[in-house]
Amino acid sequence: MSVLEVRDLHVQVGDKLILQRVTFSLERGKIHALMGPNGSGKSSLALALAGHADYKVVRGEARLDGQDLFALPPHERARAGLLLAFQYPPEVEGVKLREFLRLACGARGLGFCEFQKHFPQALARLSLTDFRDRELNVGFSGGEKKRTELLQLHLLRPKVAILDEPDSGVDVDALRLIAGVIEEMAEWGTTILLISHYPRLLELLPVFRVHVLLGGTIVEEGGPELARRIEEEGFEGVRG
Amino acid sequence: MRRLAVARLDREFVEALSHEKGEPAWMREHRLRCLSMFEKLPMPKFGPDLSDLDLHDLTYYARPVEPVSRWEDLPEEIRKTFQALGLPEAEQKALAGVGAQVDSEEVYRSLLEDLRKKGVIFTSMDRAVREYPWVREHFMKVIPPEDNKFAALHGAVWSGGTCIWVPEGVEVEVPLQAYYRMQTEGAGQFEHTLIIAEPGSSLHYIEGCSAPRYSRLSLHAGMVEIIAKEGARVRFTTIQNWSKNVYNLNNKRAWAYAGASVDWVSGSLGSRVTMLYPTTVLAGKGARTENLSFTFAQEGMWLDTGARAIHRAPDTAARLVSRSVVQGKAVSVFRGTVHVGPEARGAKAHMECSTLLLSPEAKTDTIPILRTENDEVELGHEATVGRVSQEQLFYLMSRGLDESQALSLLVNGFVSPILKEIPLEYAVELRRLLEMSFERATG
């Protein structure tokens, strides 16, 4: 059964059409991979789904458990259960990680007590215990930012988590940690859309389906073997 | 209610006021000298437009409430106001002493017995003038009436306020607090605060200010004079949330002797117009000052604030930090002045001003002046003006925070270097005020 359905999506930035005829769906509780070369539109798709104002939906629809996502402002999409782990999360001066996540948990309907209980556990799970009172992303290394994004999603338990390149710029140990957390989230029932153009993270995970984005449109879909073919033949080789 | 309304601010009124208060002759003479100075001095030649303020259409003295020694004995309306402000509760939990003033006169005062035994004086300024002859040596010596028109006006009509004297070596660890309330429509408030910290002593004094909203314009022209003797430490925190009919034109200045430190923490959230430039004269070797200012200018307001450090001795240090947030059609100006004299070798000063503009009509100006008359100094200055980052806003909203939550979190983050210096209860209150105003703006 699918949890997120995207149909005939067309997205424009300024005057430029950057996504067209994008159609795919995500199976509940499964790990999906969205692959494609640089500039193919992967991050644009993620930002359009999350509701970034620069990414204008000119045609098509997206439904999260039947709910029309594009009718909702960004914060209501998050409250409905769609969360995006950013590829480049911004630094937010003066706002402590703890303070921010307490508010975000409140917005997702998690009470203060639950937050008090889960937050230290989530910090420990992501090896971020020392970051509790740090300012959000300020001065974090690339890898620390990736882990902090995952920490947020781990804590907020969305229906659908879109992870935009959680593996770029992280070392082997962190990669294993990240894979473990993603798998755990899927086991809890979160549907994952994992954006990556390297297969090394995918190899560590039980990927259910691979979607290939090229030139702003989905050109191929398949099982985990598609990821291996891409590694051998490149994106042009798998063009359907 | 005692009310001395004046059609003309003149000798006759000032003499009547002095008589009403039963003051010694020197104070009556002082008031009259200030009055003639006021008449001679010009209006300020910089800053906000004051032309709507009619100085001859104010009630200069109003005493709507008799003083009491228990909160329960205050009239219900006033008592409820102070309760809503949390003052009696804070007194129980976190304060060493409290003074509360309504319009021209004090209505309540308390001080912990322990501090009384150590010789700390914490009393109304009026009473101090009558009871302590030494007051004469200090009153308006840090800020003389010649300084500016509103200092002179204050000197002529001042009423109420607090006099604090901390004996040598006594450390007042818990803050003392005063609360100023302007209650009567059209009444001005002119309280005078004099703090003398003897060598090696310390204290933290907090002022809160508020008023109900009236359509008539009103004037608050208070004065604060601080004398921090050798090695003394004084911190002075003011949070004003005057209503939008109040002109808030204050004079605050400290004199810091060798090794002394004076910190000013100012939060300006209300008033129609504010002019406030707390100043520290670093008069002795190794004296230091910190001046932390937070302003939140909202629709129709002009907050003209600043900080001044005057280095007159070697190895003195100053740090001036300002955070301004401007929302709607409002103006925020920060004037930072550091002046290092020829004798102040080894002086260090750093100024840092940042402004966050929340609307296209918001206006801001930062006017830093760093002047030195010797070469052995370290002076630094940074200033930034920015708008709310759309990327940050989207990021926070993508986690489920609505626009007003996200905005107030970003603004809180922006002002956090100041907020963390403000006592907890006030920081919480400031956050609440910020959130409320964003709900109004985005709701």
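Details
- When only alpha carbons are used to place a centre, the stretch B:1-78 and the stretch A:186-240 end up 78 Å from one another.
- Mean separation of Cα contacts under 8 Å (6+ apart) over length of the stretch B:389-443, as relative contact order %: 42 percent
- Between B:Val224 and B:Thr193, B:Asn251, B:Lys252, B:Arg253, the built amide H atoms are under 5 Å apart, and every one of these is 5 or more places off in sequence or on another chain.
- Mean residue ellipticity at 222 nm, helices only, chain B: -7500 deg cm²/dmol; runs of at least 4 DSSP H residues each add -39,500 (n - 2.57), and the sum is divided by the number of residues.
- Cα centroid of the stretch A:28-60 to Cα centroid of the stretch A:83-129, whole Å: 24 Å
- Excluding same-chain neighbours fewer than eight residues apart, the lysines reachable from A:Lys117 by a Cα-Cα span under 20 Å are A:Lys96.
- Percent antiparallel among DSSP beta bridges (both partners in chain A, rounded to 5): 55 percent
- Overall form of chain A per C-alpha gyration tensor (a/c, 1.5; a/b vs b/c): prolate
- Our note on the geometry: Cα centres of the stretch B:81-136 and the stretch B:301-344, 30 Å apart.
- With helices as the sole contributors, chain A gives -11500 deg cm²/dmol at 222 nm; each DSSP H run of n ≥ 4 counts as -39500 (n - 2.57), and the sum is divided by every residue.
- Under the span-like rule (Cα at least 18 Å along the axis, Kyte-Doolittle mean at least 1.0), DSSP H helices of chain B: B:403-419
- Within straight-line cross-link reach of A:Lys30, lysines at Cα separation under 26 Å, skipping those fewer than 8 residues along the same chain: A:Lys42, A:Lys145, A:Lys146, A:Lys159
- Rounded to the nearest 5, the antiparallel percentage of DSSP beta bridges internal to the protein assembly as shown is 20%.
- Share, in percent, of DSSP beta bridges within chain B that are antiparallel, nearest 5: 10 percent
- Straight-line reach from B:Lys149: taking Cα to Cα under 23 Å and skipping same-chain neighbours fewer than 8 places apart, the lysines in range are B:Lys40, B:Lys45, B:Lys141, B:Lys244, B:Lys252.
- Once the chain from A:Leu17 to A:Arg176 is taken as fully extended at 0.36 nm per residue, the excess over their C-alpha distance is 53.6 nm.
- Going from the fewest other Cβ atoms within 10 Å to the most, the residues A:Glu183, B:Glu429 appear in the order A:Glu183, B:Glu429.
- Using distinct alpha-carbon pairs, which all enter the 1/r mean, Kirkwood radius of the protein assembly as shown in Å: 28.4 Å
- Cut-off of 10 Å, at most 11 other beta carbons, DSSP loop: longest stretch of chain B lacking such chymotrypsin sites (Phe, Trp or Tyr not before Pro): B:135-443
- For the stretch B:2-276, the convex hull spanned by the alpha carbon atoms encloses 121 Å³ per residue.
- Normalised contact order of chain B, rounded percent, pairs of Cα under 8 Å and 6 or more residues apart: 9 percent
Read-outs throughout are calculated quantities, based only on the coordinates presented, and are distinct from any laboratory measurement. These numbers were taken from a predicted model, which means no experiment stands behind them. Cβ coordinates were reconstructed from backbone atoms using ideal geometry, including for glycine residues, and neighbour counts include every protein chain displayed.
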